[in-house]
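Working notes for the structure below.
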Amino acid sequence: MTRFSALKRSSSIPQLYMHQLAAPAFAEIDIKKSRFLGQLYPLHSRIEARERLSQIRAAHPHAVHVCWALVCAGESGLDDDGEPSGTAAKPMYNVLVHKDVINVLAVVVRYWGGIKLGAGGLTRAYGQAISEAFKMAELIAVETLADISIEVSFADESHARRTLEKYATHITDVFYGEMVQIHVSIKEKNVDDVIAELTEQLKGQVNIKK
């Protein structure tokens, strides 16, 4: 049975992620006759993670452990799957944090080799299996987006739209009343520049809310 243990916000989950996977990645290491299959999957929810884990368990019925760490926005978790607490999922999770990734499920399937590795050996093995998988992975940059609302007069609407186009914003809604309200999604790094440019060009006759 798949078990999900949520990580609290007070843990070391980073507040800003920089990359995500372009595609699944795999690697295998052998340590004292035990096989560790490191696997990385791009996904966006626990539901997807449960489905993927079910598929992995079905594909490896003779594995002794299927350990995992999940990093998704608001839905992170981990599971040692019977290994001593803190020796499997946590080192896997630490690799994910070090790589600054989001929307990823890290899985290590272990086949028993008959030789005990000890807590330190297990920690190194599970972390290494995921590190090796990352060597095969293609990472893509994640742009943090912000939603802002821009209120301008009818006369200034076309000018505001031209400025927004300059910064490749995505207009999500427009409302017409006494003023024109334009709701947009914009790259976080461009928010201050857009606010400054609209404020200057419209001589302060603009109301912008984040």
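Picking from residues in the stretch 90-116 that are in contact with a Ser or Thr (Cβ under 9 Å, 6 or more places away or on another chain) and assigned to a strand (DSSP E or B), the one that is surrounded by the most Cβ atoms within 10 Å (Cβ to Cβ) is Arg110.
Residue-wise test of (1) surrounded by 14 or more Cβ atoms within 10 Å (Cβ to Cβ); (2) among the small types (Gly, Ala, Ser); (3) in contact (Cβ under 8 Å) with a residue 24 or more places away in the chain; (4) part of a loop (DSSP other than H, G, I, E, B).
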site: Ala49; (1), (2), (3), (4): yes, yes, yes, no
site: Leu53; (1), (2), (3), (4): yes, no, yes, no
site: Cys67; (1), (2), (3), (4): yes, no, yes, no
site: Leu70; (1), (2), (3), (4): yes, no, yes, no
site: Glu75; (1), (2), (3), (4): yes, no, yes, yes
site: Glu83; (1), (2), (3), (4): yes, no, yes, yes
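A search for C-beta distances below 8 Å between a residue of the stretch 190-204 that is in a helix (DSSP H, G or I) and any residue that is of a type in the set (S, T, N, Q), counting only pairs 6+ apart in sequence or on different chains, returns Asn190/Thr169; Val194/Thr163; Val194/Thr169; Glu197/Thr163; Leu198/Thr163; Gln201/Thr163.
Values quoted throughout were computed directly from the atomic coordinates according to the rules given, and no laboratory measurement underlies them. Nothing here was measured: the structure is a model prediction, and the numbers come from that model. Virtual Cβ from ideal backbone geometry, glycine too; neighbours counted across all protein chains shown.
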